1. Go through R486, R454 for me and flag whichever is among the basic types (K, R) and farther than 30 Å from N112 by Cα.
2. Can you name the condition, by its number, that I227 falls short on among (1) modelled with pLDDT of 75 or more; (2) surrounded by 14 or more Cβ atoms within 10 Å (Cβ to Cβ); (3) within 25 Å of V44 (Cβ to Cβ)?
3. Considering only residues that are more than 21 Å from E422 (Cβ to Cβ) and touching a residue at least 24 places away in the same chain (Cβ under 8 Å), which ones fall in the stretch 355-375?
4. For the stretch 259-299, which residues satisfy the criterion of being among the polar types (S, T, N, Q) and either open to solvent by 10 Å² or more (accessible area, probe 1.4 Å) or over 12 Å from the mean Cα position of the chain (by Cα) (or both)?
5. Given the options G134, G163, G84, name the one that is outside any helix (DSSP H, G or I) and at pLDDT 80 or above.
6. Within the stretch 277-284, identify whether any single residue is touching a residue at least 12 places away in the same chain (Cβ under 8 Å), on the phi > 0 side of the Ramachandran plot, in a strand (DSSP E or B) and of a type in the set (D, E, K, R), and answer yes or no.
7. So, R424, is that one farther than 30 Å from F116 by Cα and open to solvent by 50 Å² or more (accessible area, probe 1.4 Å) or not?
Amino acid sequence: MNVNTATEEQLMTLPGVTRQLAREIVRHRQMIGRFKRVDDLALVSGIGAEKLELLRPEICASTRKQISRASSCTHSLDSVRLPGENKLCSINSSSVFQLQCVPGLNQEIAANIVDFRNKKGPFKSLDDLIKVRGMDIVRLSTVKHHLSLEPRKCESVQLLTNGHASVWADESLNNSSLNNIEEPERTPHRKSLSMPTKLPITLPNGFATAPVNDILDLLAAYSHRPIVEELFTYERDGIKCCRIASWNLHQLSIDKITNPGVREVVCRTILENRLSIIAIQDVLDRMALKIICDELNSPMLRRVREWRCNSHKWDYCCSDDNGPSLGFIYETSHKGVTVEDVAVGQLHLLSEAADARRLGAALTALLPDRSVSPQAFLVCGRLMVVVNVHWPEIQHEELRARLDGAAALALSCRIPLIVAGEFRCWDNVQSLKNCEPVLDETVSTCVDADSAGRGCILSAGGAAGSGWNGHAAAVRSGLSHLAIPRGWSWGGPASPHCPVWAEVNVPD
């Protein structure tokens, strides 16, 4: 049966295919244009390794009429295979992508092999593969002819292990060298640490040397990006405004952000939703924020480069060099909306209010606490204070009292103060008596029901009288990518937490 032409009813005649699974196959086919090969069905939700092997003898993906897909100009990996070349793939040194190119191995089993190797050590015999989850005697007898135990040096290695984000980088940018980098004086336009455009990867089982970007573009083409329905133009009802956001990026490290899938999700989410100031929680290394800004300023990834509304002027600041800490990414200029960070101790120099010095002192007193980071910004020349919060798991009465005190001072100074961050639960949000949330309790801020957390944005005083125009939301689509591991499969989210944003008016 041709999976590119079969109807739902026809697909339901295949072994193990229910109506729901048939609908998923048709939906996925409509999204990507066509299946280029049978193995592409592994990307359909609900089809695992066992079901794919059950279906393989019954289906094909060939079609006479080639259906092009406008959103991707990449070729499948089959198109770069060299005829007559048959190099063995080492199970002790090959990456997940190299292993999954072996006939008979898919992404799931390739990830299981790497995971088993990292936990148990190098394989001593090819027959030891039978201990890997998902491997059976029939599959082992098929793949053994394409495998070896001898390590081979590859030009590029992707580490997708133990469910963590991968590192797509040249060997000169491995973990040890990245950790030893001394951060230069911060400017918005420094050379990116992200992967080079023409970085080659050697596939040891007969594929030609191909750029990593070609493989990434193939995965990116299959990774869903939402259609931006509303074109936010930094204006509501004739009044200039900007979007303040908060995003818990969950253990944001250099290793994590170097994964191109994570970097693409983070950058495209920021650009698609026109976010001007983003409070970032759980930053393990401030250099990760630099890599995000470098990608926004000088994009290396095709999908980020193609975004038509990027101002190419982004910067960052972070509360501490040693994580976990809190940071900000902000857009320095865009169509008249300018953002500039200033020290909270200088509030009295930027405001005529008598209590501005007291407010600056109260915010400065919060700085030693790793769970909170205040930052003052000039948005179109107007002073605004954003307090980034990563609420401790236990009830923190002292933190609550300090935040409420700062909010009361901000109200007396008539200085807009925004509290944005990860609050763990709604009870912590409600415990701030002098602040009002601009998002409703019913808005889910986690990727799935199994995740725990509560992202929120609050305003000192009442939301109605503090410049908020009533537009706020949690971003719940476009947060996953096929280059991000997800347990034993692929297509994981960049973070288990959703970004939240709200619009604040910036009148002239």
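The values are calculated or read from the model by the stated rules, or taken from the named source; none is laboratory data. Computed from a predicted model, the values in this text were never measured in an experiment. Note that each Cβ is placed from the backbone with ideal geometry, even for glycine, and that neighbours are counted across all protein chains shown. Surface areas here come from the heavy atoms of the whole protein model, side chains and all, with no ligands, DNA or RNA. Shrake-Rupley method; radii C 1.70, N 1.55, O 1.52, S 1.80 Å.
1. When all the criteria are applied, what remains is R454.
2. If we test I227 against (1) modelled with pLDDT of 75 or more; (2) surrounded by 14 or more Cβ atoms within 10 Å (Cβ to Cβ); (3) within 25 Å of V44 (Cβ to Cβ), just (2) comes out false.
3. Answer for the stretch 355-375, where residues must be more than 21 Å from E422 (Cβ to Cβ) and touching a residue at least 24 places away in the same chain (Cβ under 8 Å): D355, A356, R358, L359, A362, A365.
4. N273, S276, Q281, N297, S298
5. G134
6. So far as the stretch 277-284 goes, yes, one or more of its residues are touching a residue at least 12 places away in the same chain (Cβ under 8 Å), on the phi > 0 side of the Ramachandran plot, in a strand (DSSP E or B) and of a type in the set (D, E, K, R).
7. Criteria met by R424.
Here is a yes/no grid of residues against (1) within 13 Å of Y222 (Cα to Cα); (2) basic (K, R):
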| site | (1), (2) |
| --- | --- |
| T5 | no, no |
| R19 | no, yes |
| R27 | yes, yes |
| G33 | yes, no |
| L52 | no, no |
